[in-house]
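The values are calculated or read from the model by the stated rules, or taken from the named source; none is laboratory data. What you are looking at is a predicted structure, and each value in this text was computed from that prediction instead of being measured. Here the Cβ positions follow ideal geometry from the backbone for every residue, glycine too, while neighbour counts run over all protein chains shown. Just so you know, the surface numbers come from the protein's heavy atoms only, side chains and all, with ligands and any DNA or RNA stripped out. Shrake-Rupley method; radii C 1.70, N 1.55, O 1.52, S 1.80 Å.
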Amino acid sequence: RIHSITLKAQSVEEILSALQGEDICFEAFVNGVPHSDERFVVDPARYGCTRESSIRYIQSTRISEKNMKEFIHLHIEKLDSIDIRCVDLNEKLRIERQLYERIPDVYITSSLSNILEIVAPSAGKGAGLRFLSKKLNLSSDSIAAFGNADNDIDMLEYAKLGVAVKNATENCLGSANYITDDNDHDGVAKVIYELL
């Protein structure tokens, strides 16, 4: 890891306070390692992960925690992100609005329709790409980026060539300046071959 941005402890406290009393399925990343609510690790399908490959992935990569709120408090100074698993889209939108209204010092995005990802405002893929391009002395004019979800939008907008795969989210497709085949038809590879 060459660069890391963690959530502010105060923002984390405000997130927990805003959601106090709600039955939230949290995940938290510390040094890139995902720690998840035990209920999610045991039964990912209950939280919208129904594909067998997704279930295997979750169960092989997550560290199961019995009490996520306690875990979050114990690691409050070291959190890369906090994720919230939402089964219901309306619940997801309500929680997102509630957090943005109460906590302006966060960036909230999604990689999947059933998840909210909360990071510091200077984190995210776009910020990471800006940091890396500065470190490598590259202008955005020499960068191509590829994405398929809302958490890719700021990265696609920064790059000179922002490419979305055909099966990307609607918002991601709208932010791209080029759309390639979907991921099942090697869309990214096709653009890389064209560029090379």
Tally up the carbon and sulfur contribution to the accessible surface of the chain as a whole percent, 1.4 Å probe, everything protein left in place. 50
Given an 8 Å cut-off on Cα distances and at least 6 residues of separation, report the relative contact order of the chain as a percent. 16
Mean accessible surface per residue for the chain, computed with a 1.4 Å probe while every protein chain stays in place, in Å²: 56
Can you check what the net charge comes to around VAL119, using other residues whose Cβ is under 12 Å from the Cβ of VAL119 (Lys, Arg +1; Asp, Glu -1)? -3
With every protein chain left in place, what is the accessible area of TYR100 in Å² (1.4 Å probe, nearest 10)? 90
How much length is gained on full extension from SER139 to ASN177, taking 0.36 nm per residue of separation minus their Cα-Cα distance? 11.9 nm
